[in-house]
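In what follows, a single structure is set out as structure tokens and then discussed.
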Ligand code: NAD
């Protein structure tokens, strides 16, 4: 379905981004991976997916520009890299705020502004932003993340309107809790912030949000991304698709 399409997936060395990269490659797309990680493991991933890799640090605007020049025009841009920090606002380290806004929001602005001219020239493009249920609803102690994800949802709607007649769509996918390192790594800080055990955080904080009482799988998110890249999705733009076990229905 995606033969002759080039796809850049940011934050694709792990978790959701890796699942999306795998699914796009399985559909025949030429995939460019990005993200941090062990060089040997990344080389293995590249071989497995027939992908190339650019290790730009997306907190650095100059590094993003260099990456977009090196990669060249892409048909599919998946802005997926993200990070989390859990803390009461009065203790929230300002440098963590800046880092989360840079990676979860500003990086998508830079990749998009640099990818759009090529998409416009071709008259075809797909921009998919991994937002979050936290682009629609808040949780305490995640001020930077919730602000960044709400911003990403607004940014996506704006570019969808700007590109509406260019054959380029822009949409958000908003997962609830997906079992990835990003979720696993926030458990200790949530235990500290809320004075809870690991089991209490899993059941009373994380899955408490999801009426289905189960974690979303990275592959579920990837399947939605593939659908948004298809021809049947040509008129889907400016949407924010939840895949959150019913979280934001409440
Ligand atoms: P993850 O930690 O497994 O993956 C994050 C990816 O981002 C990795 O490839 C990592 O190397 C990359 N990355 C981190 N810092 C980077 C930097 N400075 N420059 C370049 N790449 C960098 O996390 P995940 O759960 O797969 O999250 C992926 C996206 O999904 C994020 O935007 C996250 O906010 C969003 N999301 C996750 C969940 C969840 O429950 N896991 C829910 C909703 C939204």
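The values are calculated or read from the model by the stated rules, or taken from the named source; none is laboratory data. Treat the numbers as computed from the prediction; the structure is a model and nothing was measured. Cβ: placed from backbone, ideal geometry, glycine included. Neighbour counts: every protein chain shown.
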Check whether at least one residue in the range 149-166 is under 24 Å from residue 246 (Cβ atoms) and away from the ligand (no atom under 16 Å from the Cβ), and report yes or no.
-> yes
What are the residues in the range 28-65 that are closer than 23 Å to residue 120 by Cα, more than 13 Å from the ligand (Cβ to nearest atom) and either at pLDDT below 95 or touching a strand residue (DSSP E or B) at 6+ places or on another chain (Cβ under 9 Å) (or both), if any?
-> 29, 30, 31
Being within 15 Å of the ligand (Cβ to nearest atom), surrounded by 17 or more Cβ atoms within 10 Å (Cβ to Cβ) and more than 20 Å from the chain's Cα centre (by Cα) is the filter here, so list the residues in the range 188-208 that pass it.
-> 190, 201, 202, 205, 207
Run residue 105 past the list (1) loosely packed, with under 13 Cβ neighbours inside 10 Å; (2) within 12 Å of the ligand (Cβ to nearest atom) and report the number of the one that doesn't hold.
-> (1)
Among the residues of the range 201-219, is there at least one that is in contact with a strand residue (DSSP E or B) (Cβ under 7 Å, 6 or more places away or on another chain) and either free of Cβ contacts under 8 Å to residues at least 12 places away in the same chain or assigned to a helix (DSSP H, G or I) (or both)?
-> yes
With respect to the numbered conditions (1) more than 16 Å from the chain's Cα centre (by Cα); (2) near the ligand (Cβ under 10 Å from one of its atoms), which one is the sole condition not fulfilled by residue 9?
-> (1)
Filter the range 67-91 for residues that are over 26 Å from residue 167 (Cα atoms) and either within 13 Å of the ligand (Cβ to nearest atom) or in a helix (DSSP H, G or I) (or both) and give the result.
-> 82, 83, 84, 85, 86, 89, 90, 91
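Output the residue which, of all residues in the range 123-148 that are away from the ligand (no atom under 12 Å from the Cβ) and in contact with a strand residue (DSSP E or B) (Cβ under 9 Å, 6 or more places away or on another chain), is farthest from residue 172 (Cα to Cα).
123
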Tabulated pairs, the range 18-30, first within 17 Å of residue 41 (Cα to Cα), second surrounded by fewer than 20 Cβ atoms within 10 Å (Cβ to Cβ), C-beta under 6 angstrom, 6+ apart or interchain | 19/219
